[in-house]
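**Student:** Right, I'll just put the structure down here and ask away after.
The values are calculated or read from the model by the stated rules, or taken from the named source; none is laboratory data. Here the structure is a predicted model, which is why all the values come from computation and not from measurement. Here Cβ is always computed from backbone atoms with ideal geometry, including for glycine, and neighbour counts include all displayed protein chains. Areas reflect the complete protein model, heavy atoms only, side chains present, ligands, DNA and RNA absent. Shrake-Rupley method; radii C 1.70, N 1.55, O 1.52, S 1.80 Å.
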There are 4 protein chains.
Amino acid sequence: MLKNHRIKAPFFEIGPKAYLFGDEMVSLAKTIDAVARKYDVRVIVTPQYTDVYRVARETENILVFAQHMDSLPIGRGQGSVLPEAVKAAGAVGVMFNHVERQLTIAELKACIRRAEDIGLYSIVCADSIAEAQAIAHFNPDIIVCEPSELIGTGQTSEVEYVKATIDAIRAINPDIQILQAAGISNGNDVYDVIRSGAEATGTTSGIMKAADKEAMVEEMLCALRRAWDDAH
Amino acid sequence: MLKNHRIKAPFFEIGPKAYLFGDEMVSLAKTIDAVARKYDVRVIVTPQYTDVYRVARETENILVFAQHMDSLPIGRGQGSVLPEAVKAAGAVGVMFNHVERQLTIAELKACIRRAEDIGLYSIVCADSIAEAQAIAHFNPDIIVCEPSELIGTGQTSEVEYVKATIDAIRAINPDIQILQAAGISNGNDVYDVIRSGAEATGTTSGIMKAADKEAMVEEMLCALRRAWDDAH
Amino acid sequence: MLKNHRIKAPFFEIGPKAYLFGDEMVSLAKTIDAVARKYDVRVIVTPQYTDVYRVARETENILVFAQHMDSLPIGRGQGSVLPEAVKAAGAVGVMFNHVERQLTIAELKACIRRAEDIGLYSIVCADSIAEAQAIAHFNPDIIVCEPSELIGTGQTSEVEYVKATIDAIRAINPDIQILQAAGISNGNDVYDVIRSGAEATGTTSGIMKAADKEAMVEEMLCALRRAWDDAH
Amino acid sequence: MLKNHRIKAPFFEIGPKAYLFGDEMVSLAKTIDAVARKYDVRVIVTPQYTDVYRVARETENILVFAQHMDSLPIGRGQGSVLPEAVKAAGAVGVMFNHVERQLTIAELKACIRRAEDIGLYSIVCADSIAEAQAIAHFNPDIIVCEPSELIGTGQTSEVEYVKATIDAIRAINPDIQILQAAGISNGNDVYDVIRSGAEATGTTSGIMKAADKEAMVEEMLCALRRAWDDAH
């Protein structure tokens with residue numbers, strides 16, 4: 001966890017994964033950049049490693065994060081993602097333990113500490129309340145909660161699970177910021193999750209699969225701003 | 001294997017692995033670029049993913065290769081190295097199966113085909129003659145040979161193992177180019193391996209750990225040219 | 001590859017994977033044992049590691065193989081499958097590189113050699129002709145061919161792909177035995193693949209998902225015998 | 001975590017890893033069995049998968065644990081270690097997340113739950129206080145603590161780190177039993193760690209590399225009994 005570097009709420013994460021790259025990625029990043037400024041919201045964007053430099057260089061407001069990095073030190077490591085290289089390219093943070101790139105417990109702990117040591121934010125994915133609690137002991141800056149065990153049970157409202165994860169994580173470390181991701185597919189979804197008490201949310205497919213990606217960025221970030229203002 | 005894209009001999013591979021990144025990487029790449037032109041030799045450089053764009057953009061003669069990529073298609077895949085993203089960043093090829101980033105047989109086959117389909121060179125590492133033969137069936141553009149089973153046996157000369165690997169690979173696919181890597185630590189080593197019959201060689205630590213990296217680039221590429229001219 | 005240990009044709013492989021275990025596994029193994037003797041055919045059975053000892057001890061004709069093993073030497077290695085332990089439990093061979101348990105090239109090579117050194121048969125899975133050729137360079141005792149690239153193309157008959165894989169492997173090492181697996185679900189399938197020129201075939205789901213496993217063992221091994229006699 | 005199945009203190013874990021197998025493993029297990037009864041202590045033994053059945057069958061007092069298992073359900077899974085197969089072979093528990101066999105967070109959570117569901121003890125390794133706390137949220141029956149961050153700092157006594165880990169884990173779940181492993185190489189080491197407040201300890205190399213393994217089992221289990229009696 002970085003000292004004195006709390007991200008100002010509300011914030012949002014847009015994850016291009018392997019959907020978008022190169023010129024189209026840079027172009028969308030510029031749109032996100034402008035819309036983020038317009039609504040005064042913070043947006044984390046996680047491009048492919050090869051696009052980190054360009055996205056960081058051609059935007060001003062976006063928080064560029066790598067999709068992953070390894071904990072190795074400078075030296076050997078063909079095919080690795082070196083923390084210092086990620087930072088030198090302009091990233092300010094890194095995502096860890098996404099369900100598509102899971103880490104062992106020891107490696108996650110090492111990665112979070114490595115990020116902290118060189119001045120990168122760490123944002124870590126958790127797919128249950130127990131995982132979120134476990135991860136909280138390693139003091140990442142942000143935990144992404146998508147508590148699969150509660151989704152779809154019918155008897156659980158969004159408000160309840162947002163509250164449950166917040167309480168669980170804060171009981172361990174109240175300084176960890178929490179991003180609630182739960183199948184966000186339009187502005188209404190963004191509005192609802194923020195009104196449920198979240199300070200942040202995000203999406204991949206909601207924007208990557210939208211017919212008009214730029215319009216969806218506008219819709220979601222506008223809703224983020226409006227929900228936050230209505231709630232506070 | 002790309003059609004009609006044979007790399008003109010002699011050529012050389014410089015692998016920064018996780019030793020070098022950012023501005024220093026770009027700076028060394030510019031030196032390599034100039035020295036490669038001076039001696040009319042081809043040089044493959046494999047920077048960290050995050051440096052591919054910068055190195056490709058700021059050099060003219062270097063063949064920029066990624067240190068690895070995944071075979072996944074455009075879409076999901078957090079933390080992946082998407083082939084299309086690697087190419088869009090300016091890479092012209094990719095290295096596979098380095099001992100520090102080994103692949104399963106099925107994934108190696110898929111990666112080589114993926115590279116071919118989008119127009120990237122594939123260079124694949126093999127640590128024995130049997131491995132080199134096995135890999136040759138997947139038709140990569142280049143195989144890196146460092147036959148550990150022969151090194152250090154005493155009764156095997158460099159000339160013999162260079163010849164053995166060349167014969168073994170050519171018996172399967174004579175179009176595959178072969179890079180002989182064997183603890184190259186100075187210009188004399190470069191000279192000797194090329195005089196042994198190789199058309200290419202390379203190094204990581206020989207340059208990365210050199211007191212003066214730029215001087216070592218000059219020494220090795222000069223030796224590469226001289227050995228090739230003396231041999232042909 | 002073991003010396004002078006060719007398995008007498010025709011032979012068959014039954015792979016319980018994680019479908020069957022404990023008393024039911026032992027019971028089915030006894031049935032297989034009796035049916036194999038009745039029809040004078042060789043049958044490889046690959047139980048869970050924990051069942052190797054019991055199956056080996058309570059049968060006489062079955063060739064008990066482990067589902068996988070690691071190449072590590074005696075010593076450290078929590079959670080490993082030690083080759084010497086597999087052999088001590090009564091296994092006579094090991095399967096490698098099943099699509100559900102893929103190996104890197106270097107590890108596959110090491111495993112085959114390790115098996116040979118301690119006197120275990122190695123049977124290696126290949127899902128294309130190129131993979132089968134690649135694997136042949138490591139000299140396993142048996143290669144399992146299920147050339148996915150040819151299946152379902154319509155224009156390719158079973159006879160043709162069986163012949164193509166046999167020719168491809170024999171061109172590299174004519175001593176490797178070849179098992180043709182291709183969606184065997186009943187005795188007719190067994191009959192057809194053997195009449196196509198195969199000396200061996202096998203199944204998992206054909207028996208594991210049969211309403212009456214024991215009856216299916218009888219049906220398949222009977223067809224194996226009949227096809228072989230009709231063909232030779 | 002199993003209900004009402006607390007292991008009676010003091011207890012001990014002997015991990016053969018890949019050092020011992022077959023007849024020698026069974027022979028040592030019989031000695032451990034007799035010595036455990038003599039001193040009225042509980043001993044967990046974790047043989048190779050292939051030896052689980054024999055060790056379980058030929059001993060009476062030993063708690064036989066597998067060195068690892070996978071979380072997969074009955075069905076496909078070549079090369080897997082099926083939980084139901086481990087139990088059917090006679091194991092009463094399973095070890096997870098040893099440094100030589102690390103798990104992702106999601107897989108560890110799934111494995112512990114799978115063990116609980118079919119009635120197997122789970123014992124999970126943690127190499128720091130933060131890891132032990134994280135793992136405690138998944139409610140294993142036992143956590144193995146070897147807090148590498150405290151070892152060798154000079155200023156930290158064994159008494160202190162034993163106490164620190166106990167406190168940290170109990171703050172999360174007081175029902176988790178704790179095994180303190182810290183380079184146990186003879187009876188004195190066993191005595192000291194138990195007198196420091198531990199209810200359990202264990203070793204691999206202390207016994208596996210002993211000149212006389214049986215004598216060392218006697219020495220260590222005797223010290224375990226004596227330390228426990230002196231402390232309570």
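**Student:** Return the long-range amide H neighbours of D:Val64 (sequence gap of 5 or more, or a different chain), with a cut-off of under 5 Å between placed amide H atoms.
**Tutor:** Answer set, sorted by chain and number: D:Val45, D:Val92.
**Student:** Now, a different point. Ignoring ligands, DNA and RNA, what accessible area per residue does region A:112-214 give at 1.4 Å, in Å²? Before the final figure, lay out the partial values.
**Tutor:** Numbers: 3930 Å² over 103 residues.
About 38 Å² of surface per residue is accessible.
**Student:** Moving on to the next point. How high is the relative contact order of chain C? Use alpha-carbon pairs under 8 Å, at least six apart in sequence, and give a whole percent. List each step's numbers first, then the result.
**Tutor:** On the way: 447 pairs, mean separation 46.8, N = 232.
For chain C, the relative contact order is 20 percent.
**Student:** Next up: Anything losing 40 Å² or more of accessible area from the isolated chain to the full protein assembly: pick those residues out of region B:50-78, probe 1.4 Å, ligands and DNA/RNA ignored.
**Tutor:** B:Thr50, B:Tyr53, B:Arg54, B:Gln67, B:Gly75, B:Arg76, B:Gln78
**Student:** Shifting gears a bit: Of B:Ile142, B:Ile194, B:Ile105, which has the largest mean-square fluctuation in a 10 Å C-alpha GNM of chain B?
**Tutor:** B:Ile105
**Student:** While we're here: Just which residue of chain C brings its Cβ nearest the axis of rotation onto chain B, and by how many angstrom, rounded whole?
**Tutor:** Closest to the axis: C:Ala134, 2.
**Student:** Which aspartates and glutamates have a Cα lying under 15 Å from the Cα of A:Lys3, excluding residues fewer than 8 positions away in the same chain?
**Tutor:** A:Glu116, A:Asp117, A:Asp141, A:Asp175
**Student:** Oh, and also: Kindly give the distances from D:Ala34 to its copy-mates, label point to label point, with each label point 7 Å from Cα along Cα→Cβ, as nm values to one decimal ordered shortest first.
**Tutor:** 4.0, 8.0, 8.5
**Student:** Please give the solvent-accessible surface of B:Lys30 in Å², to the nearest 10, using a probe radius of 1.4 Å with every protein chain present.
**Tutor:** Roll a 1.4 Å probe over it and B:Lys30 shows about 100 Å².
**Student:** Let me see the P(r) profile for chain B: every Cα-Cα distance counted, bins of 10 Å, each bin given as a percent of all pairs.
**Tutor:** 8, 34, 38, 17, 2, 0
**Student:** Can you tell me the dipole magnitude for chain C around its Cα centre, using point charges on the Cβ only (Lys, Arg +1; Asp, Glu -1), in Debye to the nearest 20? Kindly include the intermediate steps, with their values, before the conclusion.
**Tutor:** On the way: 23 positive and 32 negative charges, 124 e Å.
It comes to approximately 600 debye.
**Student:** Let me ask something else. Let me cross-check D:Leu72: its accessible surface, 1.4 Å probe, with only protein heavy atoms counted, in Å² to the nearest 10?
**Tutor:** 30 Å²
**Student:** Using a 1.4 Å probe and ignoring any ligands, DNA or RNA, find the accessible area of A:Tyr53 and quote it in Å² to the nearest 10.
**Tutor:** For A:Tyr53, solvent-accessible area is about 30 Å².
**Student:** Accessible area drop of at least 50 Å² (1.4 Å probe, protein heavy atoms): which residues of region A:84-118 qualify, relative to the chain alone?
**Tutor:** Buried-area filter returns A:Ala85, A:Glu100, A:Arg101, A:Gln102, A:Thr104, A:Ile105, A:Lys109.
**Student:** Would you kindly work out, in nm and rounded to one decimal, the distances from the label point of A:Ile118 to those of the same position in each other copy, ordered shortest first, with label points 7 Å along Cα-to-Cβ?
**Tutor:** Going from nearest to farthest copy, the values are 2.4, 4.1, 4.2 nm.
**Student:** Right, something else. Contour minus end-to-end for C:Ile74 and C:Asp230, with contour as 0.36 nm per residue of separation and end-to-end as the Cα-Cα distance? Spell out each step's value before the answer.
**Tutor:** On the way: separation 156, 0.36 × 156 = 56.16 nm, distance 4.74 nm.
Fully extending the segment from C:Ile74 to C:Asp230 adds 51.4 nm.
**Student:** A further question on this structure: Give the long-range amide H neighbours of C:Gly202: residues separated by 5 or more places, or on another chain, with amide H under 5 Å away, using H modelled in the peptide plane at 1.01 Å from N.
**Tutor:** Long-range HN contacts for C:Gly202: C:Glu13, C:Ala182.
**Student:** What FRET efficiency comes out for the pair A:Ser27/C:Glu160, r = Cβ-Cβ distance, R0 = 56 Å, nearest 0.05? Kindly include the intermediate steps, with their values, before the conclusion.
**Tutor:** On the way: r = 50 Å, r/R0 = 0.89.
With R0 = 56 Å, the Cβ-Cβ based efficiency is 0.65.
**Student:** Can you list the residues of region D:1-47 that have at least 30 square angstrom less accessible area with all protein chains present than in their chain by itself, probe 1.4 Å?
**Tutor:** SASA drop of 30 Å² or more in region D:1-47: D:Lys17, D:Ala18, D:Tyr19, D:Phe21.
**Student:** Run through the other copies and list how far each one's label point is from that of B:Gly75, in nm with one decimal, shortest first; the point sits 7 Å from Cα along Cα-Cβ.
**Tutor:** 1.9, 4.0, 4.3
**Student:** OK, next. Å³ per residue of the Cα convex hull, for region A:40-138? Please list the in-between numbers first.
**Tutor:** Working: hull volume 11.0 nm³, N = 99.
About 111 Å³ per residue, rounded to a whole number.
**Student:** Here's a follow-up. What value in Å³ per residue do you get for the convex hull of the alpha-carbon atoms in the protein assembly as shown? Mind dumping the intermediate values first?
**Tutor:** Working: hull volume 175.2 nm³, N = 928.
Spelled out: Cα convex hull of the protein assembly as shown, divided by residues, is 189 Å³.
**Student:** Over both sides of the D-C contact, add up the buried accessible area with a 1.4 Å probe and give it to the nearest 100 Å².
**Tutor:** Working: alone 10910 and 10910 Å², together 18560 Å².
Chains D and C together bury approximately 3300 Å².
**Student:** Of the accessible area of the protein assembly as shown, with the probe set at 1.4 angstrom, what percent is carbon plus sulfur?
**Tutor:** Working: 15890 of 34050 Å².
So the carbon and sulfur contribution to the accessible surface is 47 percent.
**Student:** Suppose only helical runs count, i.e. DSSP H with n ≥ 4. What mean residue ellipticity at 222 nm does that imply for chain A under -39500 (n - 2.57) per run, divided by all residues and rounded to the nearest 500 deg cm²/dmol?
**Tutor:** Values: 9 runs with 99 residues, N = 232.
Here the helix-only value at 222 nm equals -13000 deg cm²/dmol.
**Student:** List, in the order given, every pair from A:Lys30/A:Lys163; A:Lys209/B:Lys17; B:Lys87/B:Lys163; C:Lys87/C:Lys109; B:Lys109/D:Lys109 whose Cα-Cα distance in the structure shown is over 27 Å. Please list the in-between numbers first.
**Tutor:** Working: A:Lys30/A:Lys163 34 Å; A:Lys209/B:Lys17 35 Å; B:Lys87/B:Lys163 34 Å; C:Lys87/C:Lys109 19 Å; B:Lys109/D:Lys109 34 Å.
A:Lys30/A:Lys163; A:Lys209/B:Lys17; B:Lys87/B:Lys163; B:Lys109/D:Lys109, as the Cα separations exceed 27 Å there.
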